[in-house]
Amino acid sequence: MPKNTSSLGLRAAGALAAVASLALVLSGCSAYDANSPADARGDAKNGAKVAAGAVDCAKERCIALTFDAGPSEHTPGLLDILKKEKVPATFFLLGKNHVVKHPDLVRRIAAEGHEVANHTWSHKILSDQDPDSVRQELARTQDAIAEITGHKPTLMRPPQGRTDDEVAKVSRELGLAQIMWSATAKDYSTTDSELIKKRILDQADRDGIILLHDIYDGTVPAVPGIIEELKKRGYTFVTVPQLLAPGHAEPGKVYKP
């Protein structure tokens, strides 16, 4: 290759890297080291094993259904579906106008064996906040959920998945691991339940974490079809902690399939 062509290629590559770096800064996101479910299982201490009778996701084809930003008026119907299908899920709950407005639903989610988790108080982008604001967003929701269920969550999902070192530090202080996702239907942008179902099924994979919202009109009607098809494909539905077992989500760390 001629020398000048090689130099142009290097300059182009450098320019692309600079653009990517600038985009990261402008978006308010930061790069983070994510731990996979398999990583968590491999990190299990003292030779820990999955409890007798529990799902072993190292052997089975597991997938986790998660729902953000509820509870809402759609949540009772969703819980009915999950109960009928014997499917556990993980609910990342919003404090303001959700947890405080629907304490009976929060109580029901916990009582029916689902994992109750934290999605902040008011859905602020945590990486845009100072540490005190991050702490308030998470701690207020922790306290509100604990007042209803008697237990503080151990998992949280940062809005839009945007996190940084300060968010990780506060999360660690509050005993919260950060949980991302591998499949999303972008159900905030459509009420087409068939499209929501297709988007999830197209992205579904072993050890996956599915992100849906039980606050939008098209989402809950898509859930039965998602469950039916994934069961046909041989998937076992689990909560996020079950997906990581016998490992545990460590506070502050980020987990992503």
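The values are calculated or read from the model by the stated rules, or taken from the named source; none is laboratory data. Note that the coordinates shown come from a computational prediction; the quantities given were computed from them, not determined experimentally. For neighbour counting, all protein chains shown are included, and Cβ atoms are generated from backbone atoms with ideal geometry for every residue, glycine included. Just so you know, the surface numbers come from the protein's heavy atoms only, side chains and all, with ligands and any DNA or RNA stripped out. Shrake-Rupley method; radii C 1.70, N 1.55, O 1.52, S 1.80 Å.
Odds and ends about this structure:
- Among the candidates Pro71, Pro76, Pro88, residue that is part of a loop (DSSP other than H, G, I, E, B) and either open to solvent by 50 Å² or more (accessible area, probe 1.4 Å) or within 23 Å of His123 (Cβ to Cβ) (or both): Pro71
- Residue within segment 172-182 that is aromatic (Phe, Trp, Tyr), surrounded by fewer than 19 Cβ atoms within 10 Å (Cβ to Cβ) and at negative phi present: no
- Number of positions in segment 183-205 that are charged (D, E, K, R) and surrounded by fewer than 17 Cβ atoms within 10 Å (Cβ to Cβ): 6
- Residue within segment 97-112 that is in contact (Cβ under 8 Å) with a residue 40 or more places away in the chain, among the acidic types (Asp, Glu) and surrounded by fewer than 20 Cβ atoms within 10 Å (Cβ to Cβ) present: no
- Top-ranked residue of segment 232-247 - restricted to ones that are in contact (Cβ under 8 Å) with a residue 12 or more places away in the chain and not in a loop (DSSP other than H, G, I, E, B), ranked as surrounded by the fewest Cβ atoms within 10 Å (Cβ to Cβ): Thr236
- Taken over segment 96-140, the residue count meeting the criterion of being under 20 Å from Thr163 (Cα atoms) and touching a strand residue (DSSP E or B) at 6+ places or on another chain (Cβ under 8 Å) is 5.
- Test: residue in segment 120-140 that is under 18 Å from the mean Cα position of the chain (by Cα), at pLDDT 95 or above, open to solvent by 10 Å² or more (accessible area, probe 1.4 Å) and among the polar types (S, T, N, Q): yes
- Output for segment 212-228, where each listed residue is open to solvent by 10 Å² or more (accessible area, probe 1.4 Å), out of contact with any strand residue (DSSP E or B) (no Cβ under 6 Å at 6 or more places or on another chain) and over 17 Å from Ile63 (Cβ atoms): Ile215, Tyr216, Asp217, Val220, Pro221
- Leading residue by the ranking (nearest to Phe67 (Cα to Cα)) among those in segment 131-179 that are free of Cβ contacts under 8 Å to residues at least 24 places away in the same chain and not in a helix (DSSP H, G or I): Lys152
- For segment 192-216, the set of residues classified as β-branched (Val, Ile, Thr) and out of contact with any Pro (no Cβ under 9 Å at 6 or more places or on another chain) consists of Ile200, Ile210, listed by residue number.
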